[in-house]
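Chemist: Handing you a structure now.
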Amino acid sequence: MGSKITYSAINRQVEFNTGSNTLLDISIANSIPHLHECGGGGVCTTCRVRVLDGTQNLSPKTEFENASCQTRKWDPSIRLACQARPKGDVTLQRLIWSSGEVNNLQKELAPNGRAEERPIAILFCDIRNFTSLSSHNLNFDIAYMLNKFYTALGEPILMNNGIIYQYVGDEIIGVFGTTGGTAQKNCEDAIRAGLGMQYALDSLNRTDLKDIEIKLKSGIGINFGTAFIGHLGHPTHKQFSVIGDPVNVASRIQNETKATNTNILISDTVFEHMDNDKVVIGRNFLNKLSGKDDPLNLYELIGFKNMDLQLELQSSMNIMLNDEVAFAKIFYDKVFKLAPFVRALFRNNMTDQGRLLTHMLGGIVYSLSRPAHLKKGLAKLGKSHVQYGVKAEYYPVVKQAMIETIDEVLGDNKSPKTIDAWNSALDFVIDTMKAHAYSQ
């Protein structure tokens, strides 16, 4: 009898034969969703696990693991599943469960007990007329609305490599670029997040908030500049902090959306670091902000000039995967109808297979803001599929079934641009996987 890996949080055991397989390999082979954004290359640390028992039955830490432990200040029980090879029974707990949690890992790289200057983009989003809403609704309804608001509008921040920095009453704050990136990318990520928030709020008003007859509106201000970042506070209670004038200015810019009757305003520093051919700018304002001596140039952001693939995918994903089980069933029914012969490849429980499918789709959309990780992840996925018996001629069937499923599930919540975006994304995914799977 082989050794066993026990996944404590899901109360599941799987057997394996000792050899060269890593913990991550064993998870994938047993259809257990296990995040590995970089494809298990020991780069992103998203496959990390906490070893609850059996530490002695794992291979020694690699050089990369030791470096990650020191940089991120992990305790000795944390291992990278893509690096650790078991030789006996191990009980573990996966630490990163969803792609939305990945961005919080950036906080581990912030200085502890001091602050460093870093160029970042800052986004402030505020619910309009919240005081009036509060006075006319029960506290229960206010809490319900705020949770819906924070969830729906937090996702675009996370999907665009940002960190949800704070919730302040009816306000949500996102920061972009805390661990690097070009000024242009950080500003584009923030802008895409702001536009995604507008889409999310519109969807929220049409669905979850429809029954309580409330329509939420928001104002968004985006700024770019150098701020101090670090874990600051009492020695027993340090918090991730972002401090500096650019943060205050972003808040003031958000306030100006009320006076100018605009949805999104960006500063001149954001505008200067953008590819201006990509965006549609409305009115321009020269406004004096509270606490500032000189007036500031502000620009009304309308949207992207052409289809932005990431924004289209992000805006449709939450609706598309609202019922992950139903989505997976529709997809596999279509696959088996188009190509009955591929059913033999699916020997595992189809419910588990469905979870892997939706886990993968969500991961791809989130990883678009980290393209280097995405390509490595797709390369690993392509090679894995070959081992499972997937042939190159199966991919067109998968793409057709996926597009038909997306079209059916989204229904009226889509436009021709949505389908175009998914067509382009699937072509990229399939081409990348095939390039590494069948390369000589």
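Computed from the coordinates by the stated procedures, all read-outs in this text should not be read as laboratory data. Bear in mind that the values here come from a model prediction, so they are computed numbers and not experimental data. No Cβ is skipped: glycine too gets one built from the backbone with ideal geometry, and neighbour counts run over all protein chains shown.
Chemist: Sequence neighbours fewer than 8 away in the same chain don't count; with that in mind, list the lysines whose C-alpha is under 23 Å from LYS391.
Modeler: Cα-Cα hits under 23 Å: LYS329, LYS334, LYS337, LYS375, LYS376, LYS380, LYS383, LYS399, LYS434.
Chemist: Which Cα, out of THR131, HIS237, ASN147, lies furthest along the positive dipole direction of the chain (beta carbon charges, K/R +1, D/E -1)?
Modeler: HIS237
Chemist: Lysine pairs in segment 109-306 8 or more apart or on different chains: how many have alpha carbons under 16 angstrom apart? Intermediate results must be reported in sequence, preceding the final value.
Modeler: Working: LYS148/LYS210; LYS148/LYS215; LYS148/LYS217; LYS185/LYS278; LYS217/LYS258; LYS258/LYS288; LYS278/LYS305.
Qualifying lysine pairs in segment 109-306: 7.
Chemist: Another one. Please give the calculated 222 nm ellipticity per residue for the chain, where each DSSP H segment of at least 4 residues contributes -39500 (n - 2.57) and the sum is spread over every residue; nearest 500 deg cm²/dmol?
Modeler: -14000 deg cm²/dmol
Chemist: Can I ask one more? Nothing charged except the Cβ atoms of Lys and Arg (+1) and of Asp and Glu (-1): what's the magnitude of the dipole of segment 2-132 about its Cα centre? Round to the nearest 20 debye.
Modeler: Values: 15 positive and 13 negative charges, 28 e Å.
Approximately 140 debye in magnitude.
Chemist: Take peptides 330-342, 299-311 and line them up by average Cβ neighbours within 10 Å, highest first, as a rough protection proxy. Walk me through the numbers on the way to the answer.
Modeler: On the way: 330-342: 15.5, 299-311: 17.7.
Going from most to least packed, we get 299-311, 330-342.
Chemist: Can you list the aspartates and glutamates whose alpha carbon sits under 16 Å from that of LYS414, skipping same-chain ones fewer than 8 residues off?
Modeler: ASP202, ASP308, GLU312, GLU404
Chemist: Need the C-alpha centroid separation for segment 187-262 versus segment 152-166, integer Å.
Modeler: If you average the Cα positions of each part, the centres end up 9 Å apart.
Chemist: Sort 395-403, 37-45 by the packing proxy (mean of other Cβ within 10 Å over each peptide's residues), most packed first. Don't jump to the answer; show the numbers that get you there.
Modeler: Details: 395-403: 17.2, 37-45: 22.1.
Output ranking for 395-403, 37-45: 37-45, 395-403.
Chemist: Using only the Cα atoms of segment 109-306, what semi-axes does the equivalent ellipsoid have when each is the square root of 5 times a gyration tensor eigenvalue? Give whole Å, largest first.
Modeler: Values: eigenvalues 133, 97, 53 Å².
They are 26, 22, 16 Å, listed from largest to smallest.
Chemist: Nearest 10 degrees, 0 to 90: what angle lies between the long axis of helix 395-410 and the longest principal axis of the chain (Cα atoms)?
Modeler: 40 degrees
Chemist: What percentages make up the Cα-Cα pair-distance distribution of segment 3-97 when the bins are 5 Å wide from 0?
Modeler: 3, 15, 29, 28, 18, 7, 1
Chemist: Answer with a single label: of (1) 21.4; (2) 24.1; (3) 39.0, which was calculated as mean projected area of the Cα convex hull in nm² from the structure in view?
Modeler: This structure yields the entry labelled (2).
Chemist: Counting Lys and Arg as +1 and Asp and Glu as -1, each charge on the Cβ, what is the dipole of segment 308-388 about the Cα centre in debye, to the nearest 20? Numbers along the way, then the final one.
Modeler: Details: 11 positive and 6 negative charges, 95 e Å.
That gives a dipole near 460 debye.
Chemist: Helix 245-260 against the longest principal axis of the chain: what's the angle in degrees, Cα atoms only, rounded to the nearest 10?
Modeler: The answer is roughly 60 degrees.
Chemist: For TYR167 and ARG343 in the same chain, what is the full-extension length gain: residue separation times 0.36 nm, less their Cα-Cα distance, in nm? Mind dumping the intermediate values first?
Modeler: On the way: separation 176, 0.36 × 176 = 63.36 nm, distance 4.73 nm.
Extra length from TYR167 to ARG343 when fully extended: 58.6 nm.
Chemist: While we're looking at this one, here's another question. Cα centroid distance between segment 270-326 and segment 60-75, in Å?
Modeler: Rounded to whole Å, the Cα centres lie 38 Å apart.
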